[in-house]
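First comes the structure, then the notes that go with it.
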Amino acid sequence: MRFVVLAGATVPACATGAFAAKPTDWETQFQPAATDIMAQIQWFANYTMWFVVPIVVLVMALLGIVMFRFRASANPTPSGTSHNTLIEVAWTVLPVLVLLFIAIPSFQLLTAQYSPPAPPAVTVKATGHQWYWSYDYQGGGKQDVSFDSLMLDADGRKDADKTDMAQYPRLLAVDNEMVVPVGKVVRVLVTSGDVIHSFAMPSFGVKMDAIPGRINEAWFKVEKPGIYYGQCSELCGQNHAFMPIAVRAVTPEQYRNWAASAAKDLGSANKQLRASIAAGRKNDDVASGERAGTVRLADAAAHEPPYGSQGATQNTTPGTSTGRE
Ligand SMILES: [Cu+2]
């Protein structure tokens, strides 16, 4: 039995142009996966259910049988059986097998979560504060970009021109999103300026505690452009519910332009970026409905990211050092 199917788990296609992963009303399942890791997590969750559900049904059925067939009135003189070798071997071996079938793909997934497929193209430090996030892009001193990201209230939403509630949902929209390129490994260094927070992006399969005085590392590789939402996931005080995480994934070219101008003026860089995304969407709508949702691999290959150099030398996973996809 081989479990390579894990690696083949695919990210569900999304044909609509402005792909955004966010919580929805009455949601009982995972958000759509935006990274391959999240697709693998979803696969593993569904796979585990194939063991969980039959076991629950079996145990409930056995309980039912015991309660009805062997109740005192139906079975006044109970059997004195105390040993049955076959049953004892079976109920030892079967659970061991079940655990093995769960453990092997579980360890494979765990390994994948700690093994980025390439050296990081972008490194961002995400610092949790009471109650907002701040992002520092590692630009090697040349193009350092640092900003705070605060949740928008009703007034701020108007000022920021983010009144479209579908794209900028209540309690999730922020003034400045973290901007990342699609198809690239993004390393996030998670820390905190005060109490423990947690950087959680459900559609990326990332949840990392932000602990003061300590740096934790996570990574993700977003497959499709769009805005993705997460929230602080460690109870951190009064406004814990109001420090959302918004990540805007854009094409590598858009990212490069944004990073260059954000180093000088973040406000106008964000404006340019939104204009560029809107223009791209219009072209895509004309050309093909599917286009906006696809990762442009040609672009990804053609443009070196601006923040590639440190990551490539610092954090190289053995065997993957040749790196760029
Ligand atoms: Cu928090």
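Where a number appears in this text, it was derived from the coordinates with a stated rule and is not lab data. Computed from a prediction, not measured in an experiment: that's the story for all the values here. Heads up, the Cβs are rebuilt from the backbone with ideal geometry, glycines too, and the neighbour counts pull from every protein chain shown.
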Between the alpha-carbon centers of segment 54-133 and segment 226-282, tell me the distance in whole angstrom. 40
Spelling out what I want: for every residue of segment 62-77, take phi, set θ = phi - 60°, compute 6.51 cos²θ - 1.76 cosθ + 1.60 (Karplus), and round to whole Hz; glycine and proline get x. 4, 4, x, 4, 4, 5, 9, 6, 10, 5, 4, 6, 7, 9, x, 10
Taking amide hydrogens as modeled 1.01 Å from N in the peptide plane, which residues meet the under 5 Å criterion relative to residue 173, leaving out close sequence neighbours? 152
Mind ranking 26-38, 160-172 by how tightly packed they are, going by the mean number of other C-beta atoms within 10 angstrom, highest first? 26-38, 160-172
Note down the nm distance, to one decimal, between modelled labels 7 Å out along Cα→Cβ at residue 167 and at residue 87. 6.5
Neighbourhood net charge (10 Å Cβ-Cβ; Lys/Arg +1, Asp/Glu -1) for residue 137: -1
Full-extension gain between residue 63 and residue 283, please, as 0.36 nm times their residue separation minus the C-alpha to C-alpha distance. 73.0 nm
If a/c stays under 1.5 just call it rounded; otherwise compare a/b with b/c (prolate if a/b is bigger, oblate if not). Do that for segment 56-102, with a ≥ b ≥ c from the square roots of the Cα gyration tensor eigenvalues. oblate
